[in-house]
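Each value in this text was obtained by applying a stated rule to the coordinates, not by laboratory testing. What you are looking at is a predicted structure, and each value in this text was computed from that prediction instead of being measured. Positions of Cβ are backbone-derived with ideal geometry, glycine not excepted, and every protein chain shown enters the neighbour counts.
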Amino acid sequence: MRPTKEMGIVGNRATEATRGCHASRWQVERVLARGYALATVYYGDLEPDFAEGWRLGIRGAFAASAERSAPKPEDWSAIGAWAWGLSRALDALEREPAIDAKRVAVIGHSRLGKTALWAGATDERFALVISNDSGEGGASLARRRYGETIKHLVDAVPYWFCPRYRSYAGREEALPVDAHLLVALAAPRPAYVASATEDRWADPRGEFLAALHAGPVYALFGRSCVGVAEMPPPDRPVGDFVGYHLRTGEHDQTAYDWARYLDFADRHLRHTARGR
């Protein structure tokens, strides 16, 4: 695990002090009470979150089989590896008789919010895509250059992205795509983007605008998007097939967020007949 002292991690390993430190981010009782199952995947088991972690994870395994020594500029990234792992988790859920694998949502917070968006884009089996406080490289528009930027990301965690991503640091206007197209890749499946008022580093307005401008793609399928032209006030969720809310508070995944996601899932997944 990443060396985070306040989480009680020692020698890159969880300890008893780590147990439950982020329990509030996983509202298990609430999820079960609403009739849903919850499965989690630890991204560090797929690939450790540090620069040379690729050698110890799934990318290293594939590179070894291909006799490769290092990622090429166009190669996949840590986020790509983590998203690949989410698809393999869905493979397992498809073999679980108690699970309706046609109605599985993929969700992630922060760097894993970025991962959830990419998993939803690359694997159409995910019936619903949820990105919580994902920021730059996730749901936030890069061209705004607000808060965290591409340069911040590639200087701090370049291995999250394919090496070619670095070439757009400081020149976001040259990007051929932006986050609204990443959100739109979920279409026509429902997608939800969430922000927090105090998480300005993640650029809440940029996240809202990406959700808003995914709308034309959803319209091609006859489906409405966020349903408003202006960013809503805090704690007032909006949207139809693309949901959005700006939660009061910090960079986190809270009970309020989960309540909104479950409401969204009720609208879009509960009416779907099992097995269809």
Under the Karplus relation 6.51 cos²θ - 1.76 cosθ + 1.60, θ = phi - 60°, what is the ordered set of whole-Hz ³J(HN,Hα) values for segment 241-258, x standing for Gly and Pro?
7, 10, x, 8, 8, 10, 7, 5, x, 9, 5, 6, 10, 10, 4, 4, 4, 4
Using Cα centres only, tell me the gap between segment 137-207 and segment 10-62 in whole Å.
23 Å
Charge-dipole axis of segment 27-269 as Lys and Arg at +1 and Asp and Glu at -1 on Cβ define it, positive-most pick from 237, 31, 127
127
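Tally Lys and Arg at +1 and Asp and Glu at -1 over the other residues with C-beta under 15 Å from the C-beta of residue 145: what net charge comes out?
Details: positive: 143, 144, 151, 171, 200, 205; negative: 136, 148, 155, 172, 173, 178, 203, 207.
Charge balance in the 15 Å sphere: -2.
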Estimated distance in nm for a label pair at residue 5 and residue 236, the labels positioned 7 Å out from Cα along Cα-to-Cβ:
4.3 nm
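How much mean residue ellipticity at 222 nm does the chain get from its helices, if each DSSP H run of length 4 or more adds -39500 (n - 2.57) and you divide by all residues, to the nearest 500 deg cm²/dmol? Please report the intermediate quantities before stating the final value.
Working: 10 runs with 91 residues, N = 276.
About -9500 deg cm²/dmol.
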How much length is gained if the chain between residue 33 and residue 15 is pulled fully straight, taking 0.36 nm per residue apart and subtracting their Cα-Cα distance, in nm to one decimal?
3.5 nm
Using the basic label-point model (7 angstrom from Cα toward the beta carbon), what is the residue 56 to residue 181 distance in nanometres?
3.6 nm
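Return 161, 50, 264 ranked ascending by Cβ neighbour count within 10 Å, so the fewest neighbours appear first.
Numbers: 161 20, 50 15, 264 23.
Ordered by Cβ neighbours within 10 Å, fewest first: 50, 161, 264.
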Simple spin-label model, 7 Å along Cα-to-Cβ: residue 251 to residue 101 in nm?
3.5 nm
Have a look at 248, 167, 220 and report the one farthest towards the positive end of the charge dipole of segment 145-276, computed about the Cα centre with Cβ charges (Lys/Arg +1, Asp/Glu -1).
220
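Quick one: if the Förster radius is 22 Å, what FRET efficiency do residue 89 and residue 267 give, using the C-beta to C-beta distance and rounding to 0.05? Spell out each step's value before the answer.
Numbers: r = 24 Å, r/R0 = 1.11.
Using R0 = 22 Å, I get an efficiency of 0.35.
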How do 267, 59 rank when sorted from fewest to most other Cβ atoms within 10 Å of their own Cβ?
267, 59
Expected output is a single nm value to one decimal: the length gained when fully extending between residue 200 and residue 174, i.e. 0.36 nm times separation in residues minus the C-alpha distance. What is it?
7.0 nm
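Quick one: compute the contact order of the chain, relative version, from alpha carbon pairs under 8 angstrom and 6+ residues apart, as a percent.
Details: 487 pairs, mean separation 45.0, N = 276.
Relative contact order for the chain comes out at 16 percent.
Taking 0.36 nm per residue of separation and subtracting the Cα-Cα distance, what length does fully extending residue 220 through residue 40 add?
Working: separation 180, 0.36 × 180 = 64.80 nm, distance 3.32 nm.
Gain on stretching residue 220 to residue 40: 61.5 nm.
Under the rule a/c < 1.5 gives rounded, and otherwise a/b versus b/c splits prolate from oblate, where does the chain land using the Cα gyration tensor? Numbers along the way, then the final one.
On the way: a/c = 1.35, a/b = 1.15, b/c = 1.17.
Judged from the Cα gyration tensor, the chain comes out rounded (a/c under 1.5).
At a 10 Å Cβ-Cβ cut-off, how would you order 173, 136, fewest neighbours first?
On the way: 173 9, 136 26.
Final ranking by Cβ density, sparse to dense: 173, 136.
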